[in-house]
Amino acid sequence: MLFSGLLDLPWWGYVIAALALTHVTIVGVTLYLHRCQTHHALELHPAVSHFLRLWLWLTTGMLTKEWVAVHRKHHAKCETPQDPHSPQVYGIHRVLWLGVVLYVKESAKPETVDRYGRGTPDDWIERNFYSKFATYGVFVTLGLDLVVFGIVPGVLIWLTQIAWIPFLAAGVINGVGHYWGYRQWSTPDASTNIVPWGFLIGGEELHNNHHAYPTSARFSNKWYELDVGWWYVRLLSALGLATARYVPPTARFAPPKAAVGADTLEAIIRCRYEVLARYDKMLQQPKSHALETIHAMRHELAALWGRSKASREHLVAQLQDWCRRAEASGIAPLVEFSQRLRCYA
């Protein structure tokens, strides 16, 4: 009686059921909350969007506006004391094990939700049902799990469902994803790719890729990286139920230009992390006497896309001057790199 519900499964069947149910929750977080609502990288058909919103109400009790607001603030204030959950500020153990507490604390601040939560659903069902009865959904799920799986398996599966996101998303991604792993792109924060195969947490493991291109619907950048969330985007797109609005730019090259112009500048800025990755490889080539010059010129190059108030004409002139000085330096790798910059298209 304790083990019998509508489904009488062997022990491994309950494990598979738990993994399948939690996987749907992960898909809801990465596709609906993260890629669609937070960064507008993805458009979802209303039927898909509402199914995932309902599923998240049943399994997490999180409100769309609050989750979006906390994550947007994380990007805006990353690795500063205003970051809601940076392990560089709070320490890895606090974020890993108590990340959900940090999330709840930040989501309770009206100024955070009002400023960073704009543009999220504000329809009748959100105001009169999801917001008013935010915590009721997880208990509805408890009842369903008990009926379908029986008392003991049902309780265990339910506990797994409600703990999955608080630990993996609030703890592992927000903690480990800014503390341990490999960095593919030189972003101004401490984000890392935990592993190159994003299956367990829907592709969110590729966190450094995401911080480099936050408005991208695809988190994988290299051929060997796996973003299972992108698989679902492709499947839904094939069915006419989703549209990816943006993916990371692909560097394209043309014959080198004698004088770089606005189009070259735009291509370099769009591919800036790829440009810096190429530059960093060059740092390993020259002899020690040239390193100081190369480091200094790297800083100047990176500053080009950090000057948001400068006119396009001024930035083009700075890029032209940078290329001229690089090619006059006599440092072979730097000369070669400058000539490569002239080819971006």
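The values are calculated or read from the model by the stated rules, or taken from the named source; none is laboratory data. Please read these numbers as outputs of a predicted model, since none were measured by experiment. Methodologically, a virtual Cβ is constructed for each residue, glycine included, from the backbone with ideal geometry; neighbour enumeration extends over all protein chains shown.
Tell me which helices (runs of 4 or more DSSP H) are completely within the stretch 22-129 and hold 2 or more residues being in contact with a His (Cβ under 9 Å, 6 or more places away or on another chain) and over 23 Å from Leu159 (Cβ atoms), or say none if there are none.
Once the helices (runs of 4 or more DSSP H) in the stretch 22-129 are filtered for at least 2 residues that are in contact with a His (Cβ under 9 Å, 6 or more places away or on another chain) and over 23 Å from Leu159 (Cβ atoms), what remains is 64-76, 87-90, 92-107.
Might you let me know whether the stretch 281-292 holds any residue that is among the charged types (D, E, K, R), surrounded by 15 or more Cβ atoms within 10 Å (Cβ to Cβ) and part of a helix (DSSP H, G or I)?
no
Checking the structure you have, find out if any residue of the stretch 249-267 is modelled with pLDDT of 85 or more, surrounded by 18 or more Cβ atoms within 10 Å (Cβ to Cβ), out of contact with any helix residue (DSSP H, G or I) (no Cβ under 8 Å at 6 or more places or on another chain) and assigned to a loop (DSSP other than H, G, I, E, B).
no
In the stretch 14-34, which residues are free of Cβ contacts under 8 Å to residues at least 60 places away in the same chain and either of a type in the set (A, V, I, L, M, F, W, C) or not assigned by TED's automatic domain parsing to the domain that holds Val68 (or both)?
Hits for the stretch 14-34 are Val15, Ile16, Leu19, Ala20, Val24, Leu33.
Within the stretch 236-257, track down each residue that is free of Cβ contacts under 8 Å to residues at least 24 places away in the same chain and either aliphatic (A, V, I, L, M) or in contact with a Ser or Thr (Cβ under 7 Å, 6 or more places away or on another chain) (or both).
Ser237, Ala238, Leu239
Hey, any hits in the stretch 142-155 for a residue that's under 28 Å from the mean Cα position of the chain (by Cα), surrounded by 17 or more Cβ atoms within 10 Å (Cβ to Cβ) and either in the same structural domain as Glu204 (by TED's automatic domain parsing) or assigned to a loop (DSSP other than H, G, I, E, B) (or both)?
no
Please verify whether the stretch 5-20 includes one or more residues that are modelled with pLDDT of 95 or more and under 23 Å from the mean Cα position of the chain (by Cα).
Yes, that holds for at least one residue.
Residues are listed down the side, and each one gets a yes or a no for (1) farther than 27 Å from Glu43 by Cα; (2) within 21 Å of the chain's Cα centre (by Cα); (3) not hydroxyl-bearing (Ser, Thr, Tyr):
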| site | (1), (2), (3) |
| --- | --- |
| Glu225 | no, yes, yes |
| Trp230 | no, yes, yes |
| Leu239 | no, no, yes |
| Pro248 | no, yes, yes |
| Phe253 | yes, no, yes |
| Ala259 | yes, no, yes |
| Thr264 | yes, no, no |
